[in-house]
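Following: one structure in structure tokens, then a few remarks.
The values are calculated or read from the model by the stated rules, or taken from the named source; none is laboratory data. Keep in mind the model is a prediction, meaning the values are calculated, not measured. Cβ placement follows ideal geometry from the backbone for every residue including glycine, while neighbour counts extend to all protein chains displayed. Protein only, heavy atoms only, side chains kept; ligands, DNA and RNA dropped before computing areas. Shrake-Rupley method; radii C 1.70, N 1.55, O 1.52, S 1.80 Å.
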Amino acid sequence: PRETMSTSPRVPATARVHTNLKLPRYRRQQQQHLQPEMTDASEKRKKSHGPTVNALKRVKYEAKQERLRQASLEQQQSFQRGSQPSADTQQWRSWFNKDREEYADFITKKDVLRIKELKHQSTDNNMCKTEDERLQRIASWIEPFFDLKGSDALSAAQCNKEERLFISEGTEAVRLMVQRCNSSPFDSTTRAAKSQGGDDAKSQSESPPPVRIRSILCKPNTFFEAPVRLIDDVEKRISNHKSPFKVIVGTEDALSEIAGFNIARGALACGEVPTYYQHNGYEWLLKTIRQKPTMRLLALDAVSDTANLGSIIRTAAALSIDAVICSDDSCDAFYRQSVRVSMGHVINIPILRVRDWRRGFSGDNDVLQSKSGGLAEFITWLKAQNVQCLAAVVDDESDDKNDSQPPLISLESLTQSTTKQSWCCVLGNEGNGIRNEVIKECNQRIRISMATGIDSLSLPVAAAILMHGLSRT
């Protein structure tokens, strides 16, 4: 046997590395250069855990930002005088001619830095340079877009003012605003007309009325190039060399410098919060309920999460809900996050607050909040208008021991015989649900049947299921 072993062919060392799993550690270390695939696997395992992942992401992110900076620099250089622009750049530059200088312009990061410098200069300095006059004009156009991280306070800080602004983000949200915008230019004359009782008379026949846009801010490729091409929608709104809003096209680093963070979305728009329902909420509701054979309403009780509110509004618009009514203590639908999550549909569906309804109902302009945010009083009025009010709850039949509560039904058991043609679904906030005083005023409580062990759903999901189920009946 020993002689046989000595004459048998030896297994190559490289093969033993892969086949002999009991090879000593020092031998495996010696043979590391012979097993690159094992080293690669080991490195992959290391890279899938711990701080290495963050470091790799940071490297990729910085490389992407560098590419974007280079592309932005090329755009700036191509727009400078004396440069040799490409065909696309030449087409962009030709669009910003003297006929459009009153409502459109192109800016770079250098322009934005100069505008910030001008803002910090003393007002006593007379601007004699033509370029500084141009930048001062553009500064008023882009003023609402500065430091958007703090813009969520924009709507709240101006709640008691006649003029409130909101920011819409994303190409499709901006496109929706442009398509539904008011055709008259935004100026002091229109603001004076609005103060006399809402939007101008021509827009009152529409529901909701057209939105007023102050300005849009976008990247060149978003504005000029397919598949987005916002220029097609913008030019439909331009008449006799006049535009109802300002158009600012800028490089990505310019937009990031304005907003205060890296801009990932290709377009932003600044509009004025509609005031029609603030002045005419009661009259509009009463007229619509009496004229429409079927009325679908959604009432929200103290909803405080802006992302949830935006998602609910987007779903309500998709399911043809006639109006969304918020209690006085609910968050503002025109907060930046709410507008962004709704994909701009806050302008596509009537949104009222209870105080807007109560102002016309009682004739009192100095309205104080009630303990229920005014929603209980509003539900009582809806029932008098033959609108069925259903309070969405998570109660089970076994919990139904309180005789003072309205009867409990499940969404699956609803039929056309048990549901009126006009209805209002009431939803509570994320943590506490609907307040008891509001539930007591409703005709019925309604619940969604769920599997054992699941007690609730997120507010936007529950709202979508309820609105869809009630619409089918």
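For segment 433-472, name all the residues that are in a loop (DSSP other than H, G, I, E, B), in contact (Cβ under 8 Å) with a residue 12 or more places away in the chain and more than 19 Å from residue 379 (Cα to Cα). Once the filter is applied, which keeps residues that are in a loop (DSSP other than H, G, I, E, B), in contact (Cβ under 8 Å) with a residue 12 or more places away in the chain and more than 19 Å from residue 379 (Cα to Cα), segment 433-472 yields 448, 449, 455, 456, 458. Just a yes or no: is a residue in segment 251-259 touching a Lys or Arg at 6+ places or on another chain (Cβ under 6 Å) and surrounded by fewer than 21 Cβ atoms within 10 Å (Cβ to Cβ)? Scanning segment 251-259 turns up no residue that is touching a Lys or Arg at 6+ places or on another chain (Cβ under 6 Å) and surrounded by fewer than 21 Cβ atoms within 10 Å (Cβ to Cβ).
For the structure I just gave you, tell me whether residue 111 is exposed (fewer than 10 other Cβ atoms within 10 Å of the Cβ) and either modelled with pLDDT of 70 or more or out of contact with any Leu (no Cβ under 6 Å at 6 or more places or on another chain) (or both).
Against the criterion (exposed (fewer than 10 other Cβ atoms within 10 Å of the Cβ) and either modelled with pLDDT of 70 or more or out of contact with any Leu (no Cβ under 6 Å at 6 or more places or on another chain) (or both)), residue 111 does not qualify.
Within segment 292-306, residues that are acidic (Asp, Glu) sit with their Cβ atoms under 8 Å from residues that are open to solvent by 60 Å² or more (accessible area, probe 1.4 Å), at 6+ positions apart or across chains, in these pairs: 305/430. Determine the pairs where a residue that is in a loop (DSSP other than H, G, I, E, B), located within segment 249-270, has a partner that is of a type in the set (Phe, Trp, Tyr) and open to solvent by 10 Å² or more (accessible area, probe 1.4 Å) with Cβ atoms under 9 Å apart, the partner being 6 or more residues away or on another chain. Every condition considered, the pairs that remain are 251/79; 251/106; 260/146. For the residues 184, 151, 140, 155, the requirement of being modelled with pLDDT of 85 or more, surrounded by 10 or more Cβ atoms within 10 Å (Cβ to Cβ) and small (Gly, Ala, Ser) singles out 140.
Looking only at segment 333-346, residues that are of a type in the set (Val, Ile, Thr) and either closer than 20 Å to residue 209 by Cα or in a strand (DSSP E or B) (or both) come to 2 in all. Of the residues that sit in segment 385-410 and are in a loop (DSSP other than H, G, I, E, B) and at pLDDT 90 or above, which one is most open to solvent (accessible area, probe 1.4 Å)? Step by step, filter segment 385-410, then rank; the result is 386. Exactly one residue out of 320, 304, 311, 330 is hydroxyl-bearing (Ser, Thr, Tyr) and in a helix (DSSP H, G or I), and it is 311.
Check 436, 443 and return the single one that is in contact with a Pro (Cβ under 7 Å, 6 or more places away or on another chain), modelled with pLDDT of 90 or more and not aromatic (Phe, Trp, Tyr).
One residue alone meets the criteria, 443.
For residue 290, the criteria (1) part of a helix (DSSP H, G or I); (2) touching a Leu at 6+ places or on another chain (Cβ under 9 Å) hold in every case but one, which is (2).
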